[in-house]
Amino acid sequence: MSFGHGPAKDTSEMIQLPRKAVEMGVTFFDTAEVYGPYTNEKLFVAGTSNWSMPKRSSWVLTF
């Protein structure tokens with residue numbers, strides 16, 4: 001989301017990414033501090049803090 005597979009992407013697009021991923025069936029997210037000190041985690045929280053997960057979803061976010 002921040003870098004690691006090329007240059008960093010647009011912040012507004014990356015904020016929308018987790019929700020779109022869940023809507024497409026993604027159930028596991030994995031990130032690490034190595035991608036920037038908590039940069040991806042901050043983007044993930046910004047993208048998920050104001051919505052409810054579907055009832056049947058189960059997922060894990062590891063740091």
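The values are calculated or read from the model by the stated rules, or taken from the named source; none is laboratory data. Please read these numbers as outputs of a predicted model, since none were measured by experiment. Glycine gets a Cβ as well: all are built from the backbone with ideal geometry, and neighbour counts include every protein chain shown.
I'm trying to understand the selection: among the residues of the stretch 41-62, which are exposed (fewer than 11 other Cβ atoms within 10 Å of the Cβ) and at pLDDT below 75?
Those that are exposed (fewer than 11 other Cβ atoms within 10 Å of the Cβ) and at pLDDT below 75: W51, S52, P54, K55, R56, S58, V60, T62.
Looking only at residues that are in a loop (DSSP other than H, G, I, E, B) and in contact (Cβ under 8 Å) with a residue 24 or more places away in the chain in the stretch 1-14, which one is surrounded by the most Cβ atoms within 10 Å (Cβ to Cβ)?
The qualifying residue surrounded by the most Cβ atoms within 10 Å (Cβ to Cβ) is M1.
Take the stretch 15-40 and flag every residue that is surrounded by 12 or more Cβ atoms within 10 Å (Cβ to Cβ) and either at pLDDT 80 or above or under 8 Å from the mean Cα position of the chain (by Cα) (or both).
Passing the criteria: I15, Q16, L17, P18, R19, A21, V22, V26, F29, T39, N40.
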